[in-house]
Amino acid sequence: MKIVIVGCGKIGTAMLANLVSEGHEIVAIDNEPAIISEITNIYDIIGVCGSGTDSDVLTEAGVGDAELFVSVTDSDELNMLSCFLAKKMGAKHTIARIRNPEYNDKSLSFMRQHLELASSINPEKLAAHELFNLLKLPGAMNIERFSRGNYEMIELKLKADSPMLGTTLWELRKKFKQKFLVCVVRRGEDVYIPDGHFVLEAGDKIGVTATVQEGEKLFRALGLMKKQSKNVMIIGATRTSFYLTQRLVSMGANVTVIDRELKRCEEFSELLTGANVIQGDIASREVLLEEGLRSMDAFVALTGKDEENILLSIYAQSQKVPQVITKINQNELAQLAETLGLDTIISPCKIISDQISGYARALHNSIGSEMETLYTIMDDKAEALEFIVHEDFGHLDIPLKQLSIKPGILIAGIIRGRKTIVPTGDDVILDGDHVIIIATGKRINTLQEIFK
């Protein structure tokens, strides 16, 4: 598929790297010659130097035969105009990065309709939503939600004292009353789709699927359900911080935001009532301690620098803050941070890359199903996908135990209306179901592809 991307900053570069790995034909547009030179040297793509609002540049990029056009520059207005022009020039589907908090849901809906946008993306708002979910379930490393939030996959790392160790997964299902499924395990560099005889070990990173309620019950049974974060310290007055603080304050949390820049702090104070906004040196031990670091339930590092976020998070952990969350966009630094003991890491670049990859795959819909959601999980070594089943799907109303599913693939959940099913061999797939798939070592485009 031909995809044109305008804007090759952190988000755009992460996105094109992911799409190139999926085999798409990519054309990148950026007005910085050095950036175009660098990315065309690294990736097998076509680079065009210029503005995404210049019709000559868009013509050179061949937007007329682009299946997907995505504009992710730092300017919302430029992104919207680029997409409008691309659509008029023949691009089939357009997506704009729109992240200004002043654009509410109503105005966004109006703009999407009149600009003929297929979708709009807000990395900071999506990251804030994910952060909010993590703060509601302390102990989780990552949470991915399906079917409009009713079903989730929780990643956690097993410690030496975990009650999940030393027994087979069959025995675990009997040991705990909660309805859940251990659907994927990472052990060292290897990732497994475990069967009922699999025995978990200390240090394993596991993915568990369950409803939101059953997931919380399981965490309580495991002794992982710490008190929800009421006192939160956020470092960096960024857009992500704004959206997160807004949600936390509305839930009654006490939020302290610290940033070096006086202007940012003044803007935050004007826009956010109820938050404690402090201008100070975020790298100063004295400032952090004076603002109550040791009494916080959670610490969230959201500056624009990955390295700074890592160092601040390590310090917060040394001060025994119960929950520490670190924003890191670079994969290499995320892996380093994990070896340093930082388990809960969030990446806006990854969130958007997953969303765009899922959208691109969904354009290849086949008979019988369509892709609704895609997440890369287990440090990008596996995928979790959600498909909506249609009446012409070829395996309706057949018990799962009678279906021949390819190795490395698991049906991890079925959502049927308001009913959520943790599947067993006797369950079936029906028209209208939402089916959750976990896959290792392969890319899945359609539900039909999981069968031999």
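The values are calculated or read from the model by the stated rules, or taken from the named source; none is laboratory data. Since the structure is predicted, the reported quantities are computational estimates derived from the model, not experimental observations. Cβ placement follows ideal geometry from the backbone for every residue including glycine, while neighbour counts extend to all protein chains displayed. Heavy atoms of the whole protein, side chains included, go into the accessibility calculation; ligands, DNA and RNA do not. Shrake-Rupley method; radii C 1.70, N 1.55, O 1.52, S 1.80 Å.
Structure above, values below:
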| quantity | calculated |
| --- | --- |
| Options 417, 432: the member that is on the phi > 0 side of the Ramachandran plot and in contact (Cβ under 8 Å) with a residue 40 or more places away in the chain | 432 |
| Residue tally, condition touching a residue at least 60 places away in the same chain (Cβ under 8 Å), open to solvent by 70 Å² or more (accessible area, probe 1.4 Å) and hydrophobic (A, V, I, L, M, F, W, C), over the stretch 260-297 | 1 |
| Residue in the stretch 123-154 that is least open to solvent (accessible area, probe 1.4 Å), counting only those that are in a helix (DSSP H, G or I) and basic (Lys, Arg) | 136 |
| Selection from the stretch 242-259 of residues that are touching a helix residue (DSSP H, G or I) at 6+ places or on another chain (Cβ under 7 Å) and surrounded by fewer than 19 Cβ atoms within 10 Å (Cβ to Cβ) | 247 |
| Cβ pairs under 8 Å, 6+ apart, first in the stretch 201-222 and surrounded by 22 or more Cβ atoms within 10 Å (Cβ to Cβ), second assigned to a helix (DSSP H, G or I) | 208/215; 208/218; 210/218 |
| Where a residue in the stretch 239-256 is closer than 13 Å to residue 135 by Cβ and assigned to a loop (DSSP other than H, G, I, E, B) and its partner, wherever it lies, is open to solvent by less than 40 Å² (accessible area, probe 1.4 Å) and modelled with pLDDT of 95 or more, with Cβ under 7 Å and at least six apart | 253/232 |
| The stretch 298-342, residues that are within 26 Å of residue 223 (Cβ to Cβ), of a type in the set (A, V, I, L, M, F, W, C) and either open to solvent by less than 50 Å² (accessible area, probe 1.4 Å) or free of Cβ contacts under 8 Å to residues at least 12 places away in the same chain (or both) | 298, 299, 300, 316, 321, 324, 325, 337, 342 |
| Out of 97, 112, sole residue that is touching a residue at least 24 places away in the same chain (Cβ under 8 Å), touching a Ser or Thr at 6+ places or on another chain (Cβ under 8 Å) and basic (Lys, Arg) | 97 |
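Here's the yes/no breakdown for (1) polar (S, T, N, Q); (2) modelled with pLDDT of 95 or more; (3) in contact with a Pro (Cβ under 9 Å, 6 or more places away or on another chain):
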site: 248; (1), (2), (3): no, yes, no
site: 257; (1), (2), (3): no, yes, no
site: 271; (1), (2), (3): no, no, yes
site: 274; (1), (2), (3): no, no, no
site: 281; (1), (2), (3): no, yes, no
site: 289; (1), (2), (3): no, yes, no
site: 294; (1), (2), (3): no, yes, no
site: 301; (1), (2), (3): no, yes, no
site: 306; (1), (2), (3): no, yes, no
